[in-house]
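The values are calculated or read from the model by the stated rules, or taken from the named source; none is laboratory data. Since the model is a prediction, treat every value here as computed from it, not as a measurement. When we count neighbours, we look across all protein chains shown, and the Cβ atoms used for this are built from the backbone with ideal geometry, even at glycine.
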Amino acid sequence: MTDRMAAQKFNLFDLPEDYYVSPQRYFAMLREHDPVHENADGSVLLSRYADVSKVWMDLSSSVDKTEMFTEKFGPGPLLEHHTHTMLFRDPPDHDRLRKIVNPFFSKKNVDRMEKFVADLGDQLVENVRKKEEFDYVKDFAFKVPMTVIAHILGVPREDAERIHEIGMKILFPLNPNVSDEVVREGHEAVAEFKDYLLQHLEKRRALASLDPEADIISTLAQAQRDGSEISDLEILHMCILLLNGGHETTTNTLAVGLLSLVNDPESLAMMRDDPEVGRTGPDELIRFITPIQLQGRRLTKPLEIPSGPVLPEGTEIILCPASANRDPEKFDQPDRLNLHRKANRHYAFGGGVHLCIGRLLAKMEISTILPKFLNAFSHIEITRDPEFNRNARFRGLKELQVKVRE
């Protein structure tokens, strides 16, 4: 089968096993031979940078998926979650909700958290230093963002693993072609998470005074107390969104990032030794990996894209930032990890009004934690083939067994 035929037959709803290990081979075929690819459900997959950019920057495109999610999930907590967060709300609701939490993720606040993250990195390095061999995903990469997010939300650190497991059951149904069982577990997970968070929200409300800079739950409780327009449901779903948005992508960047660096000794040495890489390297790793592979939009008016066709109103678009970020029309040697890459205008954090609210925090975590791990050990060896998650939306590793030596 030629590459052109393979691109035309590409089915996002029935992916081959090797896609999860190496999706870029498929993205390259799509960019070259079928950049405006019609999926089995009638949606359109865009893989070129210029097309992705055109849709993302078009203020008329909608993220509201109430109709689609109602059909996919049916009534219940999972539908409620994915129709109450700012991720799937258009302006003015998106702007109203984002304005409340935006200050918490300012550069000033992120800089203030850097010592907490650095101390956490030191502690995690000491924990794995005692082990001859360990799973880097479970024992290190996962623990970084989950601990940070628990700290930011204002929930006990020891609950991090529990809320991670619940959160994954909420995220996974966003993938194409999931089973009824996955959807059912998603409904149950949202209900359980809401009950958990409501206990913490009520504790904040019982306090005579709140410090809105202490944690997200306090920020939201104080905003409601001050008269901001935000409902209890929106508060609970905002917390779920921030947890899921903050842990999965950072875990995956740390894990796939280490794998990428071990497979590229020159870049690994630069990350260890070159101070300039501390400024440009994390952004390049995020471009190279693009942990969120797929995003959705719906056109509310006809839109002409650079690759040619005018897409009609109502078209459901699946944007592929993972492909756009490897487009040779935009990036020089896009499949090469270049830790000195400048003017790195990638779409790993999205674009337009929905630009990731936690992007500064994610960059700070990567730039603080990854060099700390690399500098702690002179020898890092991958001891078995890495296992990638079977997840089309979030690219990450299920397991990465490593052996380290000082």
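A few remarks follow.
- Counted as qualifying within the range 73-166 are the helices (runs of 4 or more DSSP H) with 1 or more residues that are modelled with pLDDT of 90 or more, of a type in the set (Phe, Trp, Tyr) and closer than 16 Å to Asp215 by Cβ, namely 107-129.
- Every test in (1) surrounded by 20 or more Cβ atoms within 10 Å (Cβ to Cβ); (2) farther than 20 Å from Leu400 by Cβ is passed by Ile366 save one, and that test is (2).
- Residues of the range 382-406 satisfying the condition of being acidic (Asp, Glu) and in contact (Cβ under 8 Å) with a residue 60 or more places away in the chain: Glu399, Glu406
- Among the residues making up the range 1-57, those that are among the hydroxyl-bearing types (Ser, Thr, Tyr) and either in a strand (DSSP E or B) or touching a helix residue (DSSP H, G or I) at 6+ places or on another chain (Cβ under 7 Å) (or both) are Tyr19, Tyr26, Ser47, Tyr49.
- In the range 179-187 there is at least one residue that is free of Cβ contacts under 8 Å to residues at least 24 places away in the same chain, part of a loop (DSSP other than H, G, I, E, B) and under 30 Å from Phe73 (Cα atoms).
- Residues that are in a loop (DSSP other than H, G, I, E, B), over 16 Å from the mean Cα position of the chain (by Cα) and surrounded by 14 or more Cβ atoms within 10 Å (Cβ to Cβ), drawn from the range 375-406: Phe377, Pro386, Leu400
- Test: Ala28 is touching a Lys or Arg at 6+ places or on another chain (Cβ under 8 Å) and in contact (Cβ under 8 Å) with a residue 12 or more places away in the chain: yes
- Against the numbered list (1) part of a helix (DSSP H, G or I); (2) touching a helix residue (DSSP H, G or I) at 6+ places or on another chain (Cβ under 9 Å); (3) at pLDDT below 95, Asp211 comes up short only at (1).
- Top-ranked residue in the range 317-333 [being among the hydrophobic types (A, V, I, L, M, F, W, C) and part of a helix (DSSP H, G or I); ranked as farthest from Arg287 (Cα to Cα)]: Ala324
Here is a yes/no grid of residues against (1) in contact (Cβ under 8 Å) with a residue 60 or more places away in the chain; (2) assigned to a helix (DSSP H, G or I); (3) surrounded by fewer than 14 Cβ atoms within 10 Å (Cβ to Cβ); (4) not charged (D, E, K, R):
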| position | (1), (2), (3), (4) |
| --- | --- |
| His237 | yes, yes, no, yes |
| Asn252 | yes, yes, no, yes |
| Arg287 | yes, yes, no, no |
| Arg297 | yes, no, no, no |
| Gly308 | yes, no, yes, yes |
| Glu313 | no, no, yes, no |
| Leu339 | yes, no, no, yes |
| Ala343 | no, no, yes, yes |
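- The residue list Gly154, Gly167, Gly121 contains one member that is at positive phi and in contact with a helix residue (DSSP H, G or I) (Cβ under 8 Å, 6 or more places away or on another chain), which is Gly154.
- Residue that is surrounded by the most Cβ atoms within 10 Å (Cβ to Cβ), among those in the range 124-147 that are in contact with a helix residue (DSSP H, G or I) (Cβ under 6 Å, 6 or more places away or on another chain), farther than 18 Å from Glu406 by Cα and in contact (Cβ under 8 Å) with a residue 60 or more places away in the chain: Pro145
- Screening the candidates Gly358, Gly396, Gly308 for the property of being within 17 Å of Leu259 (Cβ to Cβ) and of a type in the set (Gly, Ala, Ser) yields one hit, Gly396.
- Residue, surrounded by the fewest Cβ atoms within 10 Å (Cβ to Cβ), within the range 65-101, restricted to residues that are among the acidic types (Asp, Glu) and within 18 Å of Gly351 (Cα to Cα): Asp95
- A residue that is without any contact (Cβ under 8 Å) to a residue 24 or more places away in the chain and in contact with a helix residue (DSSP H, G or I) (Cβ under 8 Å, 6 or more places away or on another chain) cannot be found anywhere in the range 190-203.
- Which listed residue is among the polar types (S, T, N, Q), farther than 20 Å from Asn177 by Cα and either surrounded by 12 or more Cβ atoms within 10 Å (Cβ to Cβ) or under 24 Å from the mean Cα position of the chain (by Cα) (or both), from Ser62, Ser43: Ser62
- Test result for Pro321, free of Cβ contacts under 8 Å to residues at least 24 places away in the same chain and either out of contact with any Lys or Arg (no Cβ under 6 Å at 6 or more places or on another chain) or hydrophobic (A, V, I, L, M, F, W, C) (or both): no
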